[in-house]
Amino acid sequence: MGSVFNLEEVFDIAINIEKNGVQFYKLAAEKFDDSKSKDVFMGLAKMEENHIRIFSELKKVFFADSQYFNDSFDDAGLYLKEFTSGCVFDLSIDFDSFFSDVVSVRDILKKAIGFEKDSIVFFTGIQKLVPDNLGKDKISEIIDQEMDHVGQLGRQIAMEDA
């Protein structure tokens, strides 16, 4: 028999990922002198704040209907279980030391792209668990926005390289 997997914890992790994103983007904005770069990172931070709100609302709706998920029959559940154990992504980031090895704007942008990619993978796993009638479309929108973030960050890298 598979282990019982608490979906409330999955949404808590999603919310923590977004909180880390907010913190990361606000700290990244502080590393820039020009207002255009600051604005890009602050805009991304605001989007992540909106994602926190969406995941909080989805958690309330979904948890009210289905408290537990049995992951023995679903690869997405197995992946999310590994994610929650810290094997895939460390949610306890020490941002002071994280930025200590950053030597360029490009370094920050590349780290941001890595976070966004990890978020996309995790949210895709969550999307597989959420039924259509409980907000799957909202998860799709968040994934699309995270993919857009990767594009924005890539454009910033291209501007840095120009």
Can you tell me which of (1) at pLDDT below 85; (2) loosely packed, with under 13 Cβ neighbours inside 10 Å; (3) assigned to a helix (DSSP H, G or I) is the one residue 39 doesn't meet?
(1)
So, in the range 146-155, how many residues would count as being without any contact (Cβ under 8 Å) to a residue 24 or more places away in the chain and among the acidic types (Asp, Glu)?
1
Could you list all residues from the range 15-25 that are surrounded by 17 or more Cβ atoms within 10 Å (Cβ to Cβ), more than 14 Å from residue 145 (Cβ to Cβ) and touching a Phe, Trp or Tyr at 6+ places or on another chain (Cβ under 7 Å)?
15, 24
Hey, can you tell me all the residues within the range 19-40 that are of a type outside the set (S, T, N, Q) and in contact (Cβ under 8 Å) with a residue 60 or more places away in the chain?
21, 24, 25, 27, 28, 31, 32, 40
Inside the range 8-36, can you point out the residues that are part of a helix (DSSP H, G or I) and of a type in the set (A, V, I, L, M, F, W, C)?
10, 11, 13, 14, 15, 17, 22, 24, 27, 28, 29
Note down all Cβ pairs under 9 Å where the first residue falls in the range 116-145 and is more than 19 Å from residue 19 (Cβ to Cβ), the second is part of a helix (DSSP H, G or I) and of a type in the set (Gly, Ala, Ser), and they're at least six residues apart or on different chains.
124/76; 127/76; 127/140; 128/76; 128/77; 129/76; 129/77
Does the range 69-80 contain any residue that is surrounded by 12 or more Cβ atoms within 10 Å (Cβ to Cβ) and at pLDDT 85 or above?
no
Restricting the range 127-140 to residues that are at pLDDT below 85 and out of contact with any Phe, Trp or Tyr (no Cβ under 8 Å at 6 or more places or on another chain), which is surrounded by the fewest Cβ atoms within 10 Å (Cβ to Cβ)?
132
Does residue 156 satisfy the criteria of being surrounded by fewer than 19 Cβ atoms within 10 Å (Cβ to Cβ) and part of a helix (DSSP H, G or I)?
no
Out of the residues in the range 130-153 meeting the condition of being touching a Ser or Thr at 6+ places or on another chain (Cβ under 9 Å) and in a helix (DSSP H, G or I), tell me which one is farthest from residue 39 (Cα to Cα).
134
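The values are calculated or read from the model by the stated rules, or taken from the named source; none is laboratory data. Just so it is clear, the model here is predicted, and its values are computed rather than measured. Using ideal geometry, Cβ is built from the backbone for each residue, glycine included, and neighbour counts are taken over all protein chains shown.
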